[in-house]
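The values are calculated or read from the model by the stated rules, or taken from the named source; none is laboratory data. This structure is a prediction, so every number in the text was calculated from the model and none was measured. As a convention, Cβ positions derive from the backbone with ideal geometry for all residues, glycine included, and neighbour counts pool all protein chains shown. Heavy atoms of the whole protein, side chains included, go into the accessibility calculation; ligands, DNA and RNA do not. Shrake-Rupley method; radii C 1.70, N 1.55, O 1.52, S 1.80 Å.
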Amino acid sequence: MEKKVDIDWSNLSFGYMKTDFRYISRWKDGKWDDGQLTEDNVLHISEASTALHYGQQCFEGLKAYRTKDNKIQLFRPDENGKRLNRSCERVMMPEVPVEKFIDACKQVVKANEHFVPPYGSGATLYLRPFVIGVGDNLGVKPAPEFIFAIFCVPVGPYFKGGMAPVNFTTTDFDRAAPMGTGKAKVGGNYAGSLRPHEAAVKKGFADCIYLDPATHTKIEEVGAANFFGITKDDKFITPLSESILPSITKYSLMHIAKEYLKLEVLERDVLVDNLDEFKEAGACGTAAVITPIGGIEHQGNLHVFHSETEVGPVTKKLYDTLYGIQFGDVKAPEGWIYEV
Ligand SMILES: *Cc1c(COP(=O)(O)O)cnc(C)c1O
């Protein structure tokens, strides 16, 4: 008999909940073990682990979607696997073979199948893979041992009552240095973002916008999401920089803008003093898919794009197409969907 869980799918938020199984694999003496599922959600690691002292760790985030015909699918998990490896490479951790990564994702989803929200609820099963340096160590050097693990949590639709634009404010803080770890999905980038995020929220904004760390004139990231703008002549523009985290959602939207919406697509500088060139703007990432940007406050002035209350038509089309692909209602480009 299929297992049932008592969850109010329509009222889920983005918060932790213990699900039944998680995957864990250990690296020791130059290789990963086969990995296994476990019910234990507590890690027992050395007090001297590099992940705890020197931030030697990285993570990923992706979702499992239930389709209309009750299948479960992952969206571009190979891209998450490849990005995890680029992050590992940057902070000197061993790579996880992409096949191992995808297989582990599938194992976790299958073992927690009853936690995958029903089609139509807008909710999904969020997967959090991570690699951490563990084992006894004191000096600043790579750890002697590593853990690769994945847990999952059902999460609600980001927008309960429909998509609504929100406002952002620029911050004087930087999330990453010009040639630092901005391109890698490492926890260290996040510890430093907690304070500017808190300051932006206190001022009544959804989050802060990070400008390029070298000159503070160009938009880089919107909180923990990538920025895109639609110009008045219908071009999809997104910033190009070494310190931006390469969002898989962003690259997917670039493809959708070009192939489905027939827009010109460009990665280039986005000057914070030239926001007038855009008729619409948004933030994108796995959690929200797209967050429409109502306005951006910079040095005391609020620049409003399409509207502070309504989603622009291009943004809406991009959102509907990507959302449709992820839930299996719109034909996906080849290789984007992995059935579990
Ligand atoms: C994960 C992340 C994103 C979004 O990436 P997706 O692959 O689209 O989920 C954007 N910015 C930062 C800083 C991130 O960590």
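Worth pointing out:
- Accessible area of region 166-326 belonging to carbon and sulfur atoms, whole % at 1.4 Å probe: 52 percent
- Length released on extending from Met179 to Ser10, taking residue separation times 0.36 nm less the Cα-Cα span: 56.6 nm
- Size of charge dipole - the chain - debye, nearest 20, with Cβ of Lys, Arg +1 and Asp, Glu -1, no other charges: 380 debye
- For the set Lys28/Lys100; Lys218/Lys258; Lys71/Lys110; Lys279/Lys317, the pairs lying more than 20 angstrom apart at their alpha carbons are Lys218/Lys258.
- Extension gain for Val98-Arg128 works out to 9.3 nm (0.36 nm per residue, less the C-alpha to C-alpha distance).
- Pairwise FRET efficiency - Lys82 versus His53, Cβ, R0 = 41 Å, nearest 0.05: 0.90
- With protein chains left intact and a 1.4 Å probe, residues in region 9-155 average 46 Å² of accessible area per residue.
- Anisotropy class of region 204-315 from Cα gyration tensor, a/c 1.5 cut: rounded
- Three-way shape call for the chain based on the alpha-carbon gyration tensor, with the a/c threshold at 1.5: oblate
- For region 166-326, share of DSSP beta bridges that run antiparallel, in % to the nearest 5: 70 percent
- Length released on extending from Ile45 to Glu267, taking residue separation times 0.36 nm less the Cα-Cα span: 75.7 nm
- At most 14 other Cβ within 10 Å, DSSP loop - trypsin sites (Lys or Arg not before Pro), region 22-97: Lys68, Lys71
- Helices that extend 18 Å or more along their long axis by alpha-carbon positions and average at least 0.0 on the Kyte-Doolittle scale are, among the DSSP H runs of the chain, 98-111.
- Split the accessible area of region 9-155 by element, probe 1.4 Å, and carbon with sulfur accounts for 51%.
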